[in-house]
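**Q** Structure incoming, see below.
The values are calculated or read from the model by the stated rules, or taken from the named source; none is laboratory data. No experiment lies behind these values; they were computed from the predicted model shown. Note: ideal-geometry Cβ built from the backbone for every residue, glycine included; neighbour counts use all protein chains shown. Side chains included, ligands, DNA and RNA excluded: accessible areas come from the protein's heavy atoms. Shrake-Rupley method; radii C 1.70, N 1.55, O 1.52, S 1.80 Å.
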Number of protein chains: 2
Amino acid sequence: MVGAMAPTIDFWFEFGSTYSYPAAMRIGPLAAAAGVGVRFRPFLLGPIFKAQGWTTSPFNLYPAKGRHMLRDVERVCAELELPFQRPEPFPQNSLLAARVALAGLEQGWGEDFCRAVFRAEFGAGRCIEDAATISDVLAGLKVEPAPALAVARSDAIKARLRSETEEAQQRGLFGAPSFVCADGELFWGNDRLEPALRWARKLSP
Amino acid sequence: MVGAMAPTIDFWFEFGSTYSYPAAMRIGPLAAAAGVGVRFRPFLLGPIFKAQGWTTSPFNLYPAKGRHMLRDVERVCAELELPFQRPEPFPQNSLLAARVALAGLEQGWGEDFCRAVFRAEFGAGRCIEDAATISDVLAGLKVEPAPALAVARSDAIKARLRSETEEAQQRGLFGAPSFVCADGELFWGNDRLEPALRWARKLSP
């Protein structure tokens, strides 16, 4: 239980990002143990990558880096006892999942949805671009798929995801996962979750 | 003390690489505690970056990434109680330092030299492109600068650095620091030192 005056951290992630998966699975218990509140902030890396001239994931643009990343994520997940499979296509287009997540975060089932999407995508290798996969995930959470998808496709949610992504860019984000503390301090990467929580704690009253 | 049958790890680093600095300062005691031997392998990232179309450090090519990296290295060094200063120009051309290091590794003062170069460059912000800085570092280790620099500039050492860099590329290296275990398993990044040592230990007889 994290109180109202507790420090909080913004957890910015992208459903297409491999390292966002272990971060999403780890952040809840670690933040609770540190007494830090967490805000889940899904966003899109695509527009940010595009702005720096990339048309796809850097892991596709630089094959040696991509090979290491896949092997490294396998090792990271193995240490955490999380299953890992590379989905096809890679990276996945995360637009629909991110919109549904924003709808869910307003309705109280968002965090569970985010974890379930990551498990489907990187634990089971499923294609989260398909509305059918997202519907399965929703049904697994006992959320009616049709109304949830309708809200996700509303103009309000579309605009919300655009403004979230713009905020991410303004805060200096260039990759995912990223953690931003109340003072704006930015940490990038699953392996920076613990230092980010230590930083957030130092800011607490 | 690490015995002849102990597992070993290749520590590939680049004197221009910020994260190679904390890795170089950490690897000795951590590897000794893990019972793993270490081979220091200086190489040049420039030719590898060039082969993937980069003309300078990715931290210069992608400013948001570069800003985070400098802040992150500051934080990493602060936790380790290592001083950190960004040298000018950034990144430094590491050709001379790498050649002298290869000479020193054949003569028994190489590892001390590597740590002293990193301290001069990133601890004190000195320019390691200057032969005067390298001479100061050598003198601090009680190594005669003139003969060491002469060996470093020999055709044999120049060819050696080229072949080391080619080997790095063949092993799939794309950044520094990197750690390669006896079975070829590759780990990239200062934060992957501990997992690399755990991997190396698992291979021991």
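**Q** Restricting attention to region B:19-33, report how many residues are more than 12 Å from the chain's Cα centre (by Cα) and open to solvent by 20 Å² or more (accessible area, probe 1.4 Å). First the steps, then the outcome.
**A** Our first condition is that a residue be more than 12 Å from the chain's Cα centre (by Cα); within region B:19-33, this holds for B:28-33.
Next, from what is left, pick out any that are open to solvent by 20 Å² or more (accessible area, probe 1.4 Å): B:28-30, B:32-33.
Looking only at that region, the number is 5.
**Q** Also, quick follow-up: Among what's in region B:36-72 and is at pLDDT 90 or above and aromatic (Phe, Trp, Tyr), pick the residue that is surrounded by the fewest Cβ atoms within 10 Å (Cβ to Cβ).
**A** Going through the qualifying residues, I end up with B:Phe40.
**Q** I've got another one for you. Go through region B:73-123 and give me each residue that's within 14 Å of chain A (Cβ to nearest Cβ), open to solvent by less than 10 Å² (accessible area, probe 1.4 Å) and out of contact with any helix residue (DSSP H, G or I) (no Cβ under 7 Å at 6 or more places or on another chain).
**A** Within region B:73-123, the first condition is being within 14 Å of chain A (Cβ to nearest Cβ), and the residues that meet it are B:73-80.
When the remaining residues are screened for being open to solvent by less than 10 Å² (accessible area, probe 1.4 Å), the result is B:73, B:77.
Result: B:Val73, single match.
**Q** Moving on to the next point. Would you tally the residues in region A:165-183 being more than 11 Å from every other protein chain (Cβ to nearest Cβ) and open to solvent by 40 Å² or more (accessible area, probe 1.4 Å)?
**A** Total meeting the criteria: 4.
**Q** Right, something else. Can you tell me which condition B:Phe59 does not meet? The list is (1) under 16 Å from B:Glu14 (Cβ atoms); (2) within 13 Å of chain A (Cβ to nearest Cβ); (3) not in a helix (DSSP H, G or I), and all the others hold.
**A** (3)
**Q** Let me ask something else about it. Return only the number of the condition from (1) open to solvent by 20 Å² or more (accessible area, probe 1.4 Å); (2) touching a residue at least 60 places away in the same chain (Cβ under 8 Å); (3) touching a helix residue (DSSP H, G or I) at 6+ places or on another chain (Cβ under 9 Å); (4) not acidic (Asp, Glu) that A:Leu186 does not satisfy.
**A** Going through (1) open to solvent by 20 Å² or more (accessible area, probe 1.4 Å); (2) touching a residue at least 60 places away in the same chain (Cβ under 8 Å); (3) touching a helix residue (DSSP H, G or I) at 6+ places or on another chain (Cβ under 9 Å); (4) not acidic (Asp, Glu) one by one, A:Leu186 breaks only (2).
**Q** Open to solvent by less than 10 Å² (accessible area, probe 1.4 Å) and more than 14 Å from chain B (Cβ to nearest Cβ), is that true of A:Cys127?
**A** Considered against the rule, which asks whether it is open to solvent by less than 10 Å² (accessible area, probe 1.4 Å) and more than 14 Å from chain B (Cβ to nearest Cβ), A:Cys127 comes out as no.
**Q** From the list B:Val180, B:Val143, pick out the single residue that is closer than 27 Å to A:Arg67 by Cα and modelled with pLDDT of 95 or more.
**A** B:Val180
**Q** All but one of (1) without any contact (Cβ under 8 Å) to a residue 60 or more places away in the chain; (2) away from every other protein chain (no Cβ under 11 Å); (3) within 30 Å of A:Gln107 (Cβ to Cβ); (4) not β-branched (Val, Ile, Thr) hold for A:Lys202; state the number of the condition that does not hold.
**A** Evaluating A:Lys202 over (1) without any contact (Cβ under 8 Å) to a residue 60 or more places away in the chain; (2) away from every other protein chain (no Cβ under 11 Å); (3) within 30 Å of A:Gln107 (Cβ to Cβ); (4) not β-branched (Val, Ile, Thr) leaves (3) as the failure.
**Q** Continuing with this model, one more query. So is B:Ala150 over 20 Å from B:Met25 (Cβ atoms) and either surrounded by 14 or more Cβ atoms within 10 Å (Cβ to Cβ) or at pLDDT below 95 (or both) or not?
**A** Criteria not met by B:Ala150.
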